[in-house]
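Comments concern the structure below.
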Amino acid sequence: MSILTQPHSLRQLAGQFLDELLPASCLLCSADSGGSLLCPACADDLPLLPTALCPQCSLPTTFGERCGACLHEPPHFDATCSLFRYDFPLDRIVHALKYGHQLAVAEWLGDTLAARLTGQTFELIVPLPLHAQRLAERGFNQAAEIAAHLEKHLKIPVDRYNLQRTRATPAQAELPLKERHKNVRGAFECRSDFSGRHLLLLDDVMTSGATASECARVLKLHGAASVTVAVAARALKHSARHS
C-alpha cells in the first residue's frame, strides 16, 4: 500500500500541519476567519495604543514627546515600536503563543510588525533570549519565533545566539517595579562585537522595560550604535518605570 493511501499519510500530516498554521476559525471567537488568525470583527476590537507616544519607551505622552521617566532616567534602548496595548483580548493572543504553543500567533505577529517596520534600517534582528532552563520548559522562544517571520518580510538576518541569558531570574511580573532593574542586572551576556551596528531587539511584550533596557545596555557595551525595541504589545498599567 502506498504511504499516501495510509490513514496517517504524509499528505494528511501536511494538511494537519497547515491547518494548525493557518486556522480556519478565529482564535478568539471561533467564527470563520477565512484562514486568518482572527476574524475581521475581532481584529477590529484589538486594543490600540494612543497615537501620541514617547518615542523612546512607547508610553503615552501629550504630544508624542519623550516622557518624564525617559528624560529623568533614560533606558539604554533608543526607541520602541509597539503594535498594541497589552490588554484584553490581546493578552489572550500572547498567552496562546507562550503557553498554548499556538505558533500561528508568531506568524501573525511577525507579519503585523513587519508592516509597521518596513522602510526602517536595521542590520540585525536580535530576539530577547530565554534562559536555558525556561527554554527547555517551554520548548521554544516566542521572540525567536516572531523574529523568524519578521526576517522573511524585512530581509534582515536574525542573530539568535550572541545575546544569551546566563542567569535564571524570577519572572518580572512577580516583582514590584522598583525591583525589576535589580532582578535582571547582569542576567545577559553578549558573545559578539556589534561595533557600529544598528540592532532591532525583539520581544512579545514590554511591561516596565527593565529587561529590554538591560539587554540594550549589554549590546551597547559590545559596540552597538543603536538599539530599537520592537514588541507586539506595550503594557500601560503599572508602567511608571522602564520586562
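The values are calculated or read from the model by the stated rules, or taken from the named source; none is laboratory data. Everything numeric in this text was worked out from a predicted model, so none of it was measured. Positions of Cβ are backbone-derived with ideal geometry, glycine not excepted, and every protein chain shown enters the neighbour counts. Accessible surface areas use protein heavy atoms only, side chains included; no ligands, DNA or RNA. Shrake-Rupley method; radii C 1.70, N 1.55, O 1.52, S 1.80 Å.
Of note:
- Within the shell of other residues whose beta carbon sits under 10 angstrom from the beta carbon of LEU130, the net charge comes to +2, with Lys and Arg scored +1 and Asp and Glu -1.
- Solvent exposure ordering (accessible area, 1.4 Å, most first) of LEU103, LEU53, LEU221: LEU221, LEU103, LEU53
- Taking all protein chains together and a 1.4 Å probe, the residues ARG191, ARG167, ARG234 rank ARG191, ARG167, ARG234 from largest to smallest accessible area.
- In the context of the full protein assembly, PHE140 retains an accessible surface of approximately 20 Å², using a probe radius of 1.4 Å and ignoring ligands and nucleic acids.
- Annotation: ASP193 carries an accessible surface of approximately 110 Å², with a 1.4 Å probe and no ligand, DNA or RNA atoms counted.
- By the rule of a C-alpha distance below 13 Å, with chain neighbours fewer than 8 residues away ignored, the aspartates and glutamates paired with LYS155 are ASP111, GLU123.
- With K and R counted +1 and D and E -1, the other residues having a Cβ less than 14 Å from that of LEU109 yield a net charge of -2.
- Global geometry of the stretch 87-163, whether rounded, prolate or oblate, following the gyration tensor of its Cα atoms and the 1.5 cut on a/c: oblate
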